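Below is one structure, written out as structure tokens; comments come after it.
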Amino acid sequence: MDDTSVAAGSLPDEAATLALGAAFARAAAAGLTVYLRGDLGAGKTTFTRGLLTALGHQGKVKSPTYTLVESYPFAEYSVHHFDLYRFADPEEWEDAGFNEYFGPRSLCLVEWPQQAAGLLPAADIELELAVDGNGRSYRFHANTATGQSCLIRLSTPSAASC
Ligand SMILES: Nc1ncnc2c1ncn2[C@@H]1O[C@H](COP(=O)(O)OP(=O)(O)OP(=O)(O)O)[C@@H](O)[C@H]1O
Ligand SMILES: [Mg+2]
């Protein structure tokens, strides 16, 4: 795809990662599936916390390392935050009904998507976070037209979210 499919930059501190999550919340739309890639401690949960706070969530954002998913209902759609680091049993995917979390009325964010390769629905957007000195770097890549529209809104902050 062309260069509207990519957005990248640096995040000097935790506040910058939170701000990126908040900006993404304003650009995002229901129905998106976002893979969050990056090593342990890269900032995936921090990004998610920034996004949820901007949508109006008050209180903690727990890392769903053991529960595998935490859900946050909002008026227009629900955010489902997966952390599949400990996911190992493909049967559990079906038993837990995880496919039903993905759909037009949800925004799904998935940490460690490679743990459920072949089971997970495809990503509209992949965000790669990496440690860079004392801070982090980020790179979004859109895989679908829906994802690409979101990245265009992300790079034009005055545009209204849909
Ligand atoms: N841009 C940044 N610069 C410096 N520190 C950051 C930045 N963004 C987040 N952090 C810090 O990195 C630490 C780990 O962040 P976080 O828990 O979000 O990582 P994660 O990618 O979700 O890791 P895991 O794979 O273990 O779930 C936190 O202490 C957070 O404050
Ligand atoms: Mg995490």
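The Cα center of the range 87-162 and the Cα center of the range 30-73 differ in position by 10 Å.
Per-residue extension of 0.36 nm, minus the Cα-Cα distance of residue 67 and residue 152, leaves a gain of 27.3 nm for this segment. Each Lys and Arg adds +1 at its Cβ and each Asp and Glu adds -1 at its Cβ; summed about the Cα centre, the chain shows a dipole of about 580 debye. Going from the fewest other Cβ atoms within 10 Å to the most, the residues 141, 81 appear in the order 141, 81.
For the chain, adding -39500 (n - 2.57) for each run of n ≥ 4 DSSP H residues and dividing by the number of residues yields -8000 deg cm²/dmol at 222 nm. Projected label points at residue 144 and residue 100, each 7 Å from Cα along the beta carbon direction, are separated by 2.1 nanometres. Simple rule: put +1 on each Lys or Arg Cβ and -1 on each Asp or Glu Cβ in the chain, find the dipole, and look at 17, 107, 72; the Cα lying farthest toward the positive end is 17. Taking 0.36 nm per residue of sequence separation and removing the Cα-Cα distance, the residue 78/residue 114 pair yields an extension gain of 10.7 nm. Taking θ as phi - 60° and the Karplus parameters 6.51, -1.76 and 1.60, the scalar couplings of the range 62-71 work out to 7, 6, x, 5, 9, 7, 6, 8, 10, 10 Hz in sequence order, x denoting glycine and proline.
Is the shape of the chain rounded, prolate or oblate, going by the alpha carbon gyration tensor and its root eigenvalues a ≥ b ≥ c, with a/c under 1.5 for rounded and a/b larger than b/c for prolate? Note, shape of the chain comes out rounded. When you count the other C-beta atoms within 10 angstrom of each residue and take the mean per peptide, 95-104, 35-44, 117-126 line up highest first as 35-44, 117-126, 95-104.
In terms of the Cα gyration tensor, with a ≥ b ≥ c the square roots of its eigenvalues, is the range 66-162 rounded because a/c is under 1.5, prolate because a/b exceeds b/c, or oblate? Note, shape of the range 66-162 comes out oblate.
Which FRET efficiency value, to the nearest 0.05, do you get for residue 134 and residue 92 by plugging their Cβ-Cβ distance into 1/(1 + (r/R0)^6) with R0 = 30 Å? Working from the Cβ atoms, E equals 0.20. Residue-wise HN-Hα couplings along the range 32-48, as the Karplus relation 6.51 cos²θ - 1.76 cosθ + 1.60 with θ = phi - 60° gives them from phi, are 7, 10, 10, 8, 10, 9, x, 5, 3, x, 6, x, 5, 6, 4, 4, 4 Hz; Gly and Pro carry x.
Since every read-out is calculated from the coordinates, none of them should be taken as a lab result. Quick caveat: nothing in here was measured; it's all calculated off a predicted structure. Backbone-built Cβ (ideal geometry, glycine too); neighbour counts: all protein chains shown.
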